[in-house]
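The structure appears right after this line, and notes come after that.
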Amino acid sequence: MKLIIAYIQPHKLDDVKKALTEAKVSKMSVTNSLGCGEQMGYEESYRGIRFEVNLLKKVRLEIAVNEDYLQHAVDAIIAGARTGEIGDGKIFILDLADCIRIRTGAHGVKAIG
Amino acid sequence: MKKLRKNRRISHVVWLCMGVLLVGAAAAVADEPAPVGEIEAAVEGLQMNMNILWTCIAAFLVFFMQAGFAMVESGFTRAKNAVNIIMKNLMDFSVGSLAFFLVGFGLMFGATNGLFGTTLFGLSGVEPGEDWNWTFLIFQTVFAATAATIVSGAMAERTKFVGYLVYSFFITLLIYPIFGSWAWGSLLDGDGWLEGLGFLDFAGSTVVHSVGGWLALAGAIILGPRLGKYGPDGKPKAILGHNMPLASLGVFILWFGWFGFNPGSTTYADGWIGYIAVTTNLAAAGGAVAATATSWILLKKPDGSMALNGALAGLVSITAPCDGVTPLSAILIGLVGGALVVVSVIFIDRVLKVDDPCGAVSVHGVCGAWGTLSAGLFNMDTGLFYGGGLGQLGVQAVGVLAAFAWAFGLGLVLFWTISKTVGLRVSPEEEMKGLDIGEHGMEAYSGFQIFSNM
C-alpha cells in the first residue's frame, strides 16, 4: 500500500480528477494549501505599498492505493497536471503501514479498494 | 446649509397656480372667489410640508451612510476585527443620537451665550408634533453621527471598545456641537462667530468632515500603529483589507447617502435640490477618476482601494461649496480632491508614519479642508476666481484652521485622557488574536476558513 501526496496547480484539479477517474482511481482527499518552490512569487500592491507574495495557492491531493494501481494513478496525475511550465507541482509517494475502514473495521488492502 | 430661501419666488408662482386651481375648485362650489390671503396661506403651508418631507427623506438617506461607513471600514480591515468594526459603527450612532438629543443639539442651535447655545436641550419647550424643530433635530442628529463615525476607520483594529464608547459620547456631546454652533448656529436660534465672518460651509466639509478627520488623526497618533504595520527599519508594510467588494458596496452606499447630505442641506423643496445633486455627483465622479489616474501614475496600477477613497474624497470636497459653484468648478474640485487623497494617504503612511487603515484622515480631514478652501476660490459670488478677491478665501482659511485647532487639540486631550483612565488600546495578545474574540467573544465569519497569518 502506498500513499500518494501530490501538489498541483489549483486550476488543473478538474483535469487531474478526470484523468484519475479514467484510470479507475476514484478515492481521494483534496485540500487547499500554500507553498513556494521554483516558481518564485509575484508582486502585489495595496494602498501604495508593494510586497512580494511567494506562498502561492496550490491544491494538495492525498490518494491511498494498492501497489497495482500506483503507476496508473501517478500517470493520471501527471497527465492531468502537466503543462511543462515551472510550478506544475510535485508528487510524493510514501509507504503506508495500514488502512482501516471505520464502518466495517476492515484492514489493509481490502479497506483501501 | 442655508436658511429657508424666502426670496425664491419662481417656485412659489408654480405652487401659487396649483393652489389657485385647488382653492378655485372649492370656490366654484361656494360660488365666491377665495380671498388672496387664504390662497397664500395654503401655498405657504404646502411649501412647509414639502420642506419637511424633503428634509426627512434627506435625513434618512444620511442615516443610511452609517451602513456605508460600516461596510467600507470592515472591508478595508482584517476579518478578525469585523465584529468590532460593526459594533463601533452601531454604537457611535446610538450613543451619539442620545448625547446629541440631550445636550449637543442645544449647544449647537440653542440661543447662544456668544460661544455656544444654552437652550433647546432635549428640545425642551418644543411641543410634540408638527413643529419644524423635530425635523431639524433628526436631520442634524444624522450629521453629528456622521462626524462621530469617521474616526472609527482611522482607529480600527487596535482600539479598546470601552474607550471608543467614551470618545463617541464626548464628540456628539461637546466637540462637534460647539464647533457646529460657530458655523451653523443661526440655522435655528443660535449665532456663531464663524458664520458672522461670512464663512461658507454649505453641508459640512469642515463642520462635519474635517472635525471628524482631525479627531481621527489625534486618535490614530495617541493609539500608535497596528502591530506589524512598520518594520524595524520604519518602512510601512501592507496590511490587506479582507473584502474589497464589501468596501465598494460601502462607497456606493455613501455616494447614495450624499444625495441626502448635500442636496438635503437646502432643507427647502425647490429646484436647488437637483442642482446640488448635479454638483455633488460630478465632484464624486471627478474624485474617483483622478484617484484612479493618480494611483496608476504614482503606484503603477489603478489601485481599487484608492479609487474608492477617491470617490469619497470628491464627495467630501464638494460638500462645502456645492450650492455656490458651477458644474465645471465642481468637476475641478472633485478632481483635485481625488488626486489629493492618494498623495495624502501615501504621505501620512510613509512620512508621518500614522497608521490610518481606511484613509479617514486623508478623505475627511485633508479633503474637507480642501473643499472648504475651494469655496473661497470657486464661489460664484465671492470666490477669488470670480472677482471676489482674497476676502472669502481668507475667511475659509480661518474656518479650516479653527476646525483643526479645535478638533485636533481637543482630540489629543480626549484620547490621552481615555488612554490614562479606561484605556484606549487592547493588549498585543488580543490584537494578534483579533478584537472580535477579545472584545466581543465572537467571530465574524464562523464556519469560514480564514487563511491569514496576520
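Descriptive notes on the structure:
- Whichever residue in the stretch B:437-453 is under 15 Å from B:Gly75 (Cβ atoms) and away from every other protein chain (no Cβ under 14 Å) and, among such residues, is surrounded by the fewest Cβ atoms within 10 Å (Cβ to Cβ): B:Tyr445
- Candidates B:Pro236, B:Pro225: the one that is within 14 Å of chain A (Cβ to nearest Cβ), surrounded by fewer than 24 Cβ atoms within 10 Å (Cβ to Cβ), touching a Phe, Trp or Tyr at 6+ places or on another chain (Cβ under 8 Å) and in contact (Cβ under 8 Å) with a residue 60 or more places away in the chain is B:Pro236.
- Residue within the stretch A:38-47 that is at pLDDT below 95, of a type in the set (S, T, N, Q) and in contact with a helix residue (DSSP H, G or I) (Cβ under 7 Å, 6 or more places away or on another chain) present: yes
- Selection within the stretch B:266-276 - touching an Asp or Glu at 6+ places or on another chain (Cβ under 8 Å) and either within 14 Å of chain A (Cβ to nearest Cβ) or polar (S, T, N, Q) (or both): B:Thr266
- When B:Val398 is tested against (1) surrounded by fewer than 22 Cβ atoms within 10 Å (Cβ to Cβ); (2) farther than 25 Å from B:Trp193 by Cα, exactly one condition is not met: (2).
- With respect to the conditions (1) within 25 Å of B:Leu240 (Cβ to Cβ); (2) over 17 Å from the mean Cα position of the chain (by Cα); (3) not polar (S, T, N, Q), A:Ile102 falls short on a single one, namely (1).
- Residue check, A:Val109 of a type in the set (Val, Ile, Thr) and at pLDDT 95 or above: no
- Filtered residues of the stretch B:39-85 (kept if out of contact with any Ser or Thr (no Cβ under 9 Å at 6 or more places or on another chain) and under 17 Å from B:Ala360 (Cβ atoms)): B:Ala67, B:Gly68, B:Ser74, B:Thr77
- Screening the stretch B:107-123 for residues that are touching a residue at least 24 places away in the same chain (Cβ under 8 Å) and part of a helix (DSSP H, G or I) and picking the one that is farthest from B:Gly438 (Cα to Cα) gives B:Phe109.
- The condition of being buried (at least 24 other Cβ atoms within 10 Å of the Cβ) and modelled with pLDDT of 95 or more holds for only one of B:Leu107, B:Leu102, B:Leu98, that being B:Leu107.
- Each residue in the stretch B:321-345 was checked for being closer than 21 Å to B:Lys300 by Cβ and not hydrophobic (A, V, I, L, M, F, W, C), and 2 of them qualify.
- The stretch B:277-335, residues that are within 14 Å of chain A (Cβ to nearest Cβ) and not in a helix (DSSP H, G or I): B:Lys300, B:Lys301, B:Pro302, B:Asp303
- Residue within the stretch A:60-74 that is within 14 Å of another protein chain (Cβ to nearest Cβ) and either surrounded by 12 or more Cβ atoms within 10 Å (Cβ to Cβ) or outside any loop (DSSP other than H, G, I, E, B) (or both) present: yes
- Test set (1) surrounded by 13 or more Cβ atoms within 10 Å (Cβ to Cβ); (2) free of Cβ contacts under 8 Å to residues at least 12 places away in the same chain; (3) within 14 Å of chain B (Cβ to nearest Cβ) - A:Arg82 fails condition number: (3)
- Among the residues making up the stretch B:402-439, those that are closer than 17 Å to B:Met155 by Cβ and either in contact with a strand residue (DSSP E or B) (Cβ under 6 Å, 6 or more places away or on another chain) or basic (Lys, Arg) (or both) are B:Lys420, B:Arg425.
- Selection count, the stretch B:410-446, where residues are part of a helix (DSSP H, G or I) and free of Cβ contacts under 8 Å to residues at least 24 places away in the same chain: 6
- Filter pass, B:Gly241 being in contact with a Lys or Arg (Cβ under 9 Å, 6 or more places away or on another chain), within 14 Å of another protein chain (Cβ to nearest Cβ) and free of Cβ contacts under 8 Å to residues at least 40 places away in the same chain: no
- On inspection, B:Pro357 fails the criterion of being touching a Ser or Thr at 6+ places or on another chain (Cβ under 6 Å), more than 12 Å from chain A (Cβ to nearest Cβ) and in a loop (DSSP other than H, G, I, E, B).
- Flag if B:Gly334 is on the phi > 0 side of the Ramachandran plot and in contact with a helix residue (DSSP H, G or I) (Cβ under 9 Å, 6 or more places away or on another chain): no
- In the stretch A:83-113, the residues that are in contact with a strand residue (DSSP E or B) (Cβ under 9 Å, 6 or more places away or on another chain) and closer than 30 Å to A:Gly41 by Cα: A:Gly87, A:Asp88, A:Gly89, A:Lys90, A:Ile91, A:Phe92, A:Ile93, A:Leu94
- Scoring B:Thr382 on the criteria (1) of a type outside the set (D, E, K, R); (2) within 23 Å of B:Gly287 (Cα to Cα); (3) touching a Gly at 6+ places or on another chain (Cβ under 7 Å); (4) more than 14 Å from chain A (Cβ to nearest Cβ) leaves a single failure, condition (2).
- Candidates in the stretch B:258-303 are the residues that are farther than 24 Å from B:Gly324 by Cβ and polar (S, T, N, Q); of these, the one that is surrounded by the fewest Cβ atoms within 10 Å (Cβ to Cβ) is B:Thr292.
- Identification of strands (runs of 3 or more DSSP E) wholly contained in the stretch A:1-56 with 1 or more residues that are of a type in the set (Gly, Ala, Ser) and within 14 Å of chain B (Cβ to nearest Cβ) yields A:29-35, A:42-46.
The values are calculated or read from the model by the stated rules, or taken from the named source; none is laboratory data. Fair warning: this is a prediction, and the values are worked out from it, not measured in the lab. No Cβ is skipped: glycine too gets one built from the backbone with ideal geometry, and neighbour counts run over all protein chains shown.
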